[in-house]
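Just below is one structure, and these are the notes that go with it.
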Amino acid sequence: MAPVIEFDGLEVRFGTRSVLKQLKGELRGRCIGLLGPNGSGKSTLLNTLLGFYPPARGTARIFGKDIGAYSRELRGLIGYMPESDAFISNLTGVRFVRYMAELSGLPSNQALERAHEALFYVGLGEVRYRKVGTYSLGMKQLAKLAQAIAHGPKLVFLDEPTNGLDPPARSRMIQLIQEIRDAGNMHVVISSHLLRDIDECCDEVIILRDGNIAAICNIEEERRLNRKFLELETHAEDGEDRSFADAVQQLGCECALFGKGRMKVVLPESIEIRALYQIAAQRDVQIRRMNYRRDSLEDIFLKAMGEVGARNGSL
Amino acid sequence: MAVYKRSYKPYEGSTTSDRRRFLVLTRYGFSGLFDSRIFTGAFVLSFIPFLVAVAMLYFAHSASLRALLQMPGPGPNTAQINNYFFLAFLGAHSWISFLLITWQGPQLIAADLANNALPLILGRPISRTEYVLGKFLVIATLVSVITWIPVLIIFFLQAGLEGNGWLWSHLWLGGAILLASWMWIAIVGLVALAASAWLKWRVAASAVMLAFFFVGPAFGAAVNLTLGTNWGHMFDVLYAVKLIWVGLFRVPLSTAQGLDMVGIPLWAAWLTVAATCGLSLLLLNRRLKAREVVRG
């Protein structure tokens, strides 16, 4: 698959402060997660891709087109749902979405039709003739999503789409994003600091920290490659858990102790779990809990944060 | 009622011309203004001077009507349909347009800024220049309909009724009407947009606009009084506009002196107008950004 977004030494400065630092990489996913702690540069990156901030150095390409040279053309292909409140309060829902669709280039009649469709799609069909200013927070988020997709963009930027939503509204928003992703008509970039949102929607993730790319990874591939490991919780006399871990390692397993009897064990295919029980019995160690696990997005995120921290000498 | 299936379809239809897309902003701007019935009523009432002027014109040219009303006149030209008449008529319509724009103009941008809709608009294939142009056209069209269009209609009516080459000998007057009106449109439009861009609250923006036009003269008068000069008039945009209009409509110097319209040279009046427009554009440029940059 051709890259959706390419970074070519992209750097953005606000005065003397470097907000995005020499970003390099490619994103090819259908649904791309933009992760990072608050202030890591996620929203700045989206705004730069939209042409709101000029790069100080380097550039980026969307669908192979330079964001500087083809800014106007690209904005026609992109739908944008900002993080903060963004609406025109004295317009009705349908008029608001129609207005935005017309600004994206749809003829008036088609824009009206698409506005109705988009509002029904996001679940605001029944309130589409109400003024947007009277909508609840969740409804405003959905209205923002409707205006972002009404003109049929090829790429949609969702900046913190679940911000301020209650659990049912959040589920509805996540379900909508998954539906948009699965329909396969457009690529989605979700910026969020909530790992769960990204985990549930995205197949690729870019992790930012302090304006640097901490990691770019294909979540699906990462999970496939991740070896399954066992998470054990043991109870033993002093020092026995250490000898248990040594014995497990001698058996040919990778083992890591985390204190208080907790350990992670990577079991080669040739070794069965029964062997662990036998060793435990020999050393009078109780195995109180045993779970199969794979690295979660949280693990990937924390690993990336740790790596960048170590690289910067801040951790 | 139409039933819409809850599924997402990509859009594969045609798109509108890229160059004319900013007119969408103008169209929605107009519909926003005329959503208010009071504004629509006031707009309709603003044509009363036009009707009065048409009646005056007819009266001036109709000897039979004057005879019927037993108001004998020396001739068809005695009602003084001349440069003074057009200047007064344009002045009256300009004031009406000023009041209408002060009332509703500031909502054009303020409504977009109030709830942060600017990133949504500028995130589409619309540049900041096109955004300002689209909004400015709302004011320009509205003020045109109230100012130079009715005045030119009267001008051509007079030319038709007068005949005998009146149009050719007074063609300069048509040019003066157009130039004076567009200068007024530029000032009122840009100041309204600048006030609208800096104050999200419409009422406050209207107040600032009024203050700009009426505090300036007071400040200018204070400067004149304190320093014993006339250059304080440069702070008075309305004075500068009047001065330029007096020149454009070829009002004789003696009359202008009687109206205290010789305080500053004409170039200084043009400079005041240019500075007002330039300052407004500068303010718009500083304010109308999709995202604020916090420098550090």
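The values are calculated or read from the model by the stated rules, or taken from the named source; none is laboratory data. For clarity, every value in this text was computed on a predicted model and none was experimentally measured. Neighbour counts are summed over all protein chains in view; Cβ atoms, including those assigned to glycine, are modelled from backbone coordinates with ideal geometry.
When you scan segment A:172-181, how many residues do you find that are free of Cβ contacts under 8 Å to residues at least 12 places away in the same chain and facing chain B (nearest Cβ under 10 Å)?
Kept after step one, since they are free of Cβ contacts under 8 Å to residues at least 12 places away in the same chain, are these residues of segment A:172-181: A:175, A:179.
Right, trim to facing chain B (nearest Cβ under 10 Å) and you get A:179.
Selection size over segment A:172-181: 1.
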Please go through segment A:173-194 and give me each residue that is over 16 Å from A:V4 (Cα atoms) and buried (at least 18 other Cβ atoms within 10 Å of the Cβ), ordered by number.
A:M173, A:I174, A:L176, A:I177, A:I180, A:S192
Qualifying residues in segment B:108-121 (those that are touching a residue at least 24 places away in the same chain (Cβ under 8 Å) and surrounded by 24 or more Cβ atoms within 10 Å (Cβ to Cβ)) - the one nearest to the chain's Cα centre (by Cα)
B:L108
In segment B:168-188, is there at least one residue being more than 9 Å from the chain's Cα centre (by Cα) and not in a helix (DSSP H, G or I)?
yes
Consider B:T16 carefully, then state whether it is within 14 Å of chain A (Cβ to nearest Cβ), β-branched (V, I, T) and farther than 22 Å from A:L91 by Cα.
yes
Residues that are part of a helix (DSSP H, G or I) and either closer than 17 Å to A:N291 by Cβ or not acidic (D, E) (or both), drawn from segment A:242-262:
A:R242, A:S243, A:F244, A:A245, A:A247, A:V248, A:Q249, A:Q250
1 or more residues under 16 Å from the mean Cα position of the chain (by Cα), crowded, with 17+ Cβ neighbours inside 10 Å and more than 9 Å from every other protein chain (Cβ to nearest Cβ): qualifying helices (runs of 4 or more DSSP H) within segment A:22-112:
A:42-49
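Which of the following residues is buried (at least 18 other Cβ atoms within 10 Å of the Cβ) and either out of contact with any His (no Cβ under 7 Å at 6 or more places or on another chain) or modelled with pLDDT of 90 or more (or both): B:R27, B:R66, B:R37, B:R21?
Working: B:R27 fails: buried (at least 18 other Cβ atoms within 10 Å of the Cβ); B:R66 fails: buried (at least 18 other Cβ atoms within 10 Å of the Cβ); B:R37 fails: buried (at least 18 other Cβ atoms within 10 Å of the Cβ).
Answer to the check: B:R21.
Pick from A:I300, A:I213, A:I287: which is modelled with pLDDT of 85 or more, surrounded by 20 or more Cβ atoms within 10 Å (Cβ to Cβ) and not basic (K, R)? Full working, then the answer.
Details: A:I300 fails: modelled with pLDDT of 85 or more; A:I287 fails: surrounded by 20 or more Cβ atoms within 10 Å (Cβ to Cβ).
Going through A:I300, A:I213, A:I287 in turn, the sole match is A:I213.
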Within segment A:122-145, considering residues that are without any contact (Cβ under 8 Å) to a residue 40 or more places away in the chain and basic (K, R), the one nearest to the other protein chains (Cβ to nearest Cβ):
A:R128
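In this structure, does B:G32 turn out to be assigned to a helix (DSSP H, G or I) and more than 14 Å from chain A (Cβ to nearest Cβ)?
Values: assigned to a helix (DSSP H, G or I): yes; more than 14 Å from chain A (Cβ to nearest Cβ): no.
Considered against the rule, which asks whether it is assigned to a helix (DSSP H, G or I) and more than 14 Å from chain A (Cβ to nearest Cβ), B:G32 comes out as no.
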For residues in segment A:261-284 being closer than 13 Å to A:E233 by Cα and more than 33 Å from the chain's Cα centre (by Cα), which is surrounded by the fewest Cβ atoms within 10 Å (Cβ to Cβ)?
A:Y277
Kindly provide the set of residues from segment A:247-260 that are touching a residue at least 12 places away in the same chain (Cβ under 8 Å), under 33 Å from the mean Cα position of the chain (by Cα) and under 15 Å from A:A236 (Cβ atoms), ordered by number.
A:L257
Tell me yes or no: at least one residue of segment A:11-18 is within 14 Å of chain B (Cβ to nearest Cβ) and of a type in the set (G, A, S).
yes
Could you check A:N185 against (1) more than 8 Å from chain B (Cβ to nearest Cβ); (2) part of a loop (DSSP other than H, G, I, E, B) and say which number it fails?
(1)
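Scan segment B:107-132 for residues that are assigned to a helix (DSSP H, G or I) and either within 14 Å of another protein chain (Cβ to nearest Cβ) or among the acidic types (D, E) (or both) and report the count. Even if it seems obvious, please write down each step before you answer.
We begin by selecting, within segment B:107-132, every residue assigned to a helix (DSSP H, G or I); these are B:107-114, B:118-122, B:128-132.
Among the residues that remain, those that are also either within 14 Å of another protein chain (Cβ to nearest Cβ) or among the acidic types (D, E) (or both) are: B:107-114, B:118-122, B:128-131.
Residues that pass the stated criteria total 17.
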